[in-house]
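The values are calculated or read from the model by the stated rules, or taken from the named source; none is laboratory data. From a predicted model like this one, the values you see are computed outputs, not experimental measurements. Because the Cβ atoms are built from the backbone with ideal geometry, glycine has one as well, and the counts that use them run over all protein chains shown.
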Amino acid sequence: MLASIALVLGAALSVSSHYTFPKAASGGSAGADWQYVRKADNWQNNGFVGSVGSEQIRCFQANSAGAPSTIEVAAGGTVTYSAAPNVYHPGPMSFYLARVPDGESVNTWKGDGAVWFKIYQEQPNFGQQLTWPSNGKSSFPVTIPRCIKAGNYLLRVEHIGLHAASTSGGAQFYISCAQLKVTGGGSTEPSEKVSFPGAYKASDPGILININYPVPTSYKNPGPSVFSC
């Protein structure tokens, strides 16, 4: 009986320590959960993507489906993503953008192919243990590069939980994609673009890593370098 209770409590604790990214906002466009963000497959269970080769590594959708609405934001402006609940696990936060090709709809475009460029990545603080600025927080602002072309975009948020990443397939990916309409901007075309799946390997040093012992003194983020204007 006691063993059964312990298993139930353990399962509940495990689920409660997971999270989603259901909301994005810019200016006064806060909206509801999954209004501007494509509904991820973990919207009910707070689960994670465990395989970098899965189609879910793109927007956490086995079958692509658009969001009800699209956020309008000026290039150089800020979009703030929200986690529900807080980001509990240690690991890096990153953001990617992909521009919807002219003539295609932001509601139906899948974001496949080498179209994604990174606009932010997080490094840990080093010491007796690795600490991450995102850990314990629920609000994450990111600046949209001022020089990119106007148009429709997908904004992909990704947090990698590294607490169990010492074995292959142990890293946990928490992901979702918001739909943006970027106005203003310039004409710069980012050169280093990647595809999802394809950008990461399970053996990448930022994915297959023991963050507990010995405590690392450096960290290499997976994927491309961060684009800047």
Next item on the list: Please go through region 23-70 and pick out each residue that is aliphatic (A, V, I, L, M), part of a loop (DSSP other than H, G, I, E, B) and touching a strand residue (DSSP E or B) at 6+ places or on another chain (Cβ under 6 Å).
Entry: Ala40, Ala67
Item checked: Residue, surrounded by the fewest Cβ atoms within 10 Å (Cβ to Cβ), within region 13-22, restricted to residues that are assigned to a loop (DSSP other than H, G, I, E, B) and at pLDDT 90 or above -> His18
Check: Here are Ala165, Ala150: which of them is modelled with pLDDT of 95 or more, of a type in the set (A, V, I, L, M, F, W, C) and surrounded by fewer than 17 Cβ atoms within 10 Å (Cβ to Cβ)?
Finding: Ala150
Next item on the list: Kindly provide the set of residues from region 83-115 that are closer than 22 Å to Ala62 by Cα and among the hydroxyl-bearing types (Ser, Thr, Tyr), ordered by number.
Entry: Ser94, Tyr96, Ser105, Thr108
Margin query: Here's a check for you: in region 105-135, which residue that is among the small types (Gly, Ala, Ser) and modelled with pLDDT of 95 or more is surrounded by the most Cβ atoms within 10 Å (Cβ to Cβ)?
Written below: Gly111
Next item on the list: Quick one: in region 178-204, of everything that is over 16 Å from Gly27 (Cβ atoms) and β-branched (Val, Ile, Thr), which residue is nearest to the chain's Cα centre (by Cα)?
Entry: Val194
Note to self: Just to be sure before I move on: is Ile160 within 17 Å of Val87 (Cα to Cα), in contact (Cβ under 8 Å) with a residue 60 or more places away in the chain and not polar (S, T, N, Q) in the structure I sent?
What the structure shows: yes
Item checked: Selection within region 91-104 - of a type in the set (Gly, Ala, Ser) and either at pLDDT below 95 or out of contact with any strand residue (DSSP E or B) (no Cβ under 7 Å at 6 or more places or on another chain) (or both) -> Gly103
Notebook entry, point to check: Can we say Ile211 is under 27 Å from Ala67 (Cβ atoms) and crowded, with 18+ Cβ neighbours inside 10 Å?
Noted result: no
Note to self: Restricting to region 139-174, count the residues that are outside any loop (DSSP other than H, G, I, E, B), closer than 18 Å to Ala98 by Cβ, out of contact with any His (no Cβ under 8 Å at 6 or more places or on another chain) and not hydroxyl-bearing (Ser, Thr, Tyr).
What the structure shows: 9
Next item on the list: Sort out which residues of region 141-197 are touching a strand residue (DSSP E or B) at 6+ places or on another chain (Cβ under 6 Å) and basic (Lys, Arg), and write them in order of number.
Entry: Arg156, Lys181, Lys193
Notebook entry, point to check: Any chance region 116-129 includes a residue that's in contact (Cβ under 8 Å) with a residue 24 or more places away in the chain, closer than 16 Å to Phe60 by Cβ and under 18 Å from the mean Cα position of the chain (by Cα)?
Noted result: yes
Next item on the list: Test Gly113 against the stated conditions and say whether it is part of a loop (DSSP other than H, G, I, E, B), small (Gly, Ala, Ser) and within 26 Å of Val182 (Cβ to Cβ).
Entry: yes
